[in-house]
Amino acid sequence: MTYFIKKIATLIITLFLVSVLSFLAFQIIPGDVVNSILGTEATPEREQQLREELGLDKPPVQRYINWASGILHGDLGVSYRYSKNMNEMMPVTELIGDKLPVTLWLGLISIIFTVLFAIPLGVLWAGTKNRFLDGALNVLTQGSMAIPSFFLGILVTYLFGIIFKMFIPGAYVSYKKDFWAFVLYLIFPAIAIAIPKIGMTARFLRNSTLTELRADYVRTAKSKGASDKSILFKHVLRNAMLPVVTFVGMIIAEVIAGSIVVEQVFSLPGVGRLLISSISTRDFPVVQVLILYITMVVILVYFVVDVIYRELDPRIRVE
Amino acid sequence: MMKKGSKKLNNYLIIGAVMAGVILILSILSLFWTPYSPTAMSAALKFKPPSFAHPFGTDNFGRDIFSRVMKAIGTSFLISVFVVLMSSVLGILIGAVTGYFGGLVDTVVMRIVDAVNGFPSILLALVVISVLGKGRANVVVALGIAFTPSFVRIVRGEFIRLRDADYIVRARLMGASKPRILFLHILPNIFSVFWVSVMIGFNNAILAESGLSYLGIGVQAPDATLGSMLSDAQGYLGTAPWYALAPGITIVWMVLAAAMLSEGISRRKKSQM
């Protein structure tokens with residue numbers, strides 16, 4: 001129980017520090033926001049009014065508290081670039097709202113692909129005595145890790161989109177219109193994200209299995225007459241999968257990063273694409289919130305992975 | 001693996017060195033000479049497939065893709081060198097001090113390093129770029145910061161391992177100054193481990209730089225980079241697939257070269273032990 005209290009306390013402190021950092025990072029940016037929204041010809045009165053509207057006239061600590069409490073209440077501020085109409089500013093919540101599901105689904109499908117292919121591949125690889133298969137898998141996984149996800153995305157587009165005509169590149173279907181067409185379209189970017197991760201995870205699982213195969217208990221099982229297969233599946237894999245749990249946590253973080261790039265390749269209207277365009281147009285409230293969100297997701301993933309790992313491995317709980 | 005143990009060179013090192021050699025020669029050559037001007041346009045030469053005159057074909061403006069790729073290799077290579085230089089120097093300084101002295105500073109720094117290390121580096125680079133703005137120098141700073149934690153980790157581990165070695169204790173007893181112990185006695189002994197991470201750093205720097213350029217927030221036009229060429233080429237995938245393949249395969253080539261070298265160095269180190 002004390003473990004969980006400690007763990008949650010660290011989580012809260014980390015989240016707090018991250019929020020302070022992402023607030024501070026955007027305070028040191030040169031240039032005046034008000035000028036960039038209104039242009040240089042605005043009257044001083046209008047500038048003053050907007051400054052008050054955005055809360056920029058208050059001291060930094062006060063602004064942080066306003067910003068952070070806003071986020072806790074679901075008020076993420078307003079975008080500097082997008083506006084609803086002439087007089088109303090676009091709240092960041094509305095901007096992100098319909099983009100979030102795209103990224104979430106893309107990430108989810110990519111992770112399913114990764115786990116589905118990487119684990120059998122890694123086990124097969126560790127168990128094989130065929131030197132050709134071993135070599136082929138070595139080259140394939142090494143190669144898959146060397147291809148950047150955006151090039152892979154372009155290759156997938158060319159192969160499945162232009163040559164095999166399995167999908168129309170750029171013809172994204174919104175999840176609101178036709179959910180299954182949406183999922184079907186996402187399969188291709190998900191392949192582009194998943195391939196390098198499959199390579200990494202399979203390599204990792206193979207190495208961790210080979211390490212376990214050298215453990216004493218394997219020799220014991222062998223001397224008791226257990227077959228190679230039952231040693232691999234009943235004894236070794238249970239131990240070899242443990243570090244993979246942590247590794248998959250890392251992969252999830254990488255998938256989130258990968259989707260930022262791959263959304264661009266397939267012109268998916270997701271969070272990643274919004275982030276990149278907001279960075280390009282210097283729309284800082286949006287960037288700030290998106291970075292905070294993505295960071296929080298990554299931290300939470302690591303937290304969950306830690307907890308799962310502890311549940312799976314009783315040896316850690318004793319310590 | 002075992003039977004080649006006594007050899008100084010292994011296949012990974014040889015293949016990696018040859019692949020990296022090609023890149024090095026092309027990038028140095030590109031400073032003085034390219035087969036055609038990388039910016040010369042010609043309406044007559046639009047979208048010519050690869051041929052003897054244009055080994056990688058021509059693009060939508062009739063520019064020679066091979067010449068552009070050469071220039072782009074130079075840019076990507078140079079940026080990656082500076083990124084690795086920045087992050088490794090920072091990594092050595094921070095890692096040496098925290099590893100050797102330990103204490104509260106070490107605890108705090110390592111907490112931060114661990115937190116940052118779990119983070120995808122492209123995300124971190126995005127944060128820095130969004131604060132600093134686009135451009136060549138900012139890419140170096142952004143990626144330099146993003147890659148520093150992994151170097152800190154490696155260097156710190158090695159300094160902890162060596163700080164109580166006999167010869168260091170002797171040096172301390174002889175009254176050697178702290179900088180002398182850190183940088184003259186310990187540092188030269190960590191290089192074999194360090195080179196592996198330099199190569200992995202290169203690998204990641206090339207991937208991250210081309211990623212940022214692809215997204216249009218890295219190196220800005222008119223400089224040709226592999227990433228920005230790919231993003232231009234994507235629109236002509238149906239008419240001129242070679243346009244995308246050339247920079248893409250070049251990136252894969254560069255990354256593989258670095259990966260082979262790092263694998264080769266670490267195998268050589270293992271066989272020496």
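The values are calculated or read from the model by the stated rules, or taken from the named source; none is laboratory data. The structure displayed is predicted, hence computed values, not measured ones. When we count neighbours, we look across all protein chains shown, and the Cβ atoms used for this are built from the backbone with ideal geometry, even at glycine. Surface areas here come from the heavy atoms of the whole protein model, side chains and all, with no ligands, DNA or RNA. Shrake-Rupley method; radii C 1.70, N 1.55, O 1.52, S 1.80 Å.
Quick notes on this structure:
- Remark: the protein assembly as shown carries a charge dipole of roughly 2700 debye about the Cα centre, counting +1 on each Lys and Arg Cβ and -1 on each Asp and Glu Cβ.
- The protein assembly as shown: calculated mean residue ellipticity at 222 nm from DSSP helix runs of at least 4, using -39500 (n - 2.57): -23500 deg cm²/dmol
- FRET efficiency, B:Arg170 to A:Phe16 (Cβ-Cβ, R0 45 Å, nearest 0.05): 0.45
- Counting Cβ atoms of other protein chains within 10 Å of each Cβ in A:140-152 and taking the mean gives 6.
- Longest site-free stretch - chain B; sites: chymotrypsin sites (Phe, Trp or Tyr not before Pro), DSSP loop, at most 15 other Cβ within 10 Å: B:62-273
- Prolate/oblate/rounded label for the protein assembly as shown (Cα gyration tensor, a/c 1.5): rounded
- Dipole magnitude (debye, nearest 20) for the range A:95-318, charges at Cβ of Lys, Arg, Asp, Glu: 720 debye
- Between A:Asp98 and A:Phe164, the contour length at 0.36 nm per residue exceeds the Cα-Cα span by 20.7 nm.
- Lys/Arg +1, Asp/Glu -1 at C-beta; the protein assembly as shown dipole; positive extreme among B:Ala171, A:Tyr80, B:Leu207: B:Ala171
- For peptide A:274-281, the mean count of partner chain Cβ atoms within 10 Å of a residue's Cβ comes to 4.
- Surface composition of chain B: carbon plus sulfur atoms hold 69% of the accessible area, using a 1.4 angstrom probe and ignoring ligands, DNA and RNA.
- With the biggest extent put first, the Cα atoms of the range A:95-318 measure 65, 46, 30 Å across the principal axes.
- Radius, Kirkwood style, for the range B:78-245 when every pair of distinct Cα atoms is counted (Å): 17.5 Å
- The residue among A:Leu274, A:Gly199, A:Gly135 whose Cα reaches farthest toward the positive pole of the charge dipole of the range A:95-318, with charges on the beta-carbon of Lys, Arg, Asp and Glu, is A:Gly135.
- Net charge over other residues, Cβ less than 15 angstrom from the Cβ of B:Trp242 (K, R count +1; D, E count -1): +1
- Dipole of the range A:95-318, positive end: most advanced residue of A:Leu300, A:Ser227, A:Thr114 [Cβ charges, Cα centre]: A:Ser227
- Note on A:Phe179 and B:Ile112: their simple-model spin labels are 4.6 nm apart, each label 7 Å out from Cα toward Cβ.
- Under the span-like rule (Cα at least 20 Å along the axis, Kyte-Doolittle mean at least 0.0), DSSP H helices of chain A: A:2-25, A:100-127, A:131-146, A:179-213, A:237-265, A:284-312
- Residue range of chain A that is longest and free of trypsin sites (Lys or Arg not before Pro) which are both DSSP loop and sparsely packed (at most 12 other C-beta within 10 Å): A:225-319
- Only Lys, Arg (+1) and Asp, Glu (-1) charged, at Cβ; chain B dipole about Cα centre in debye: 900 debye
- Partner chain coverage, peptide B:123-136 - average Cβ within 10 angstrom: 5
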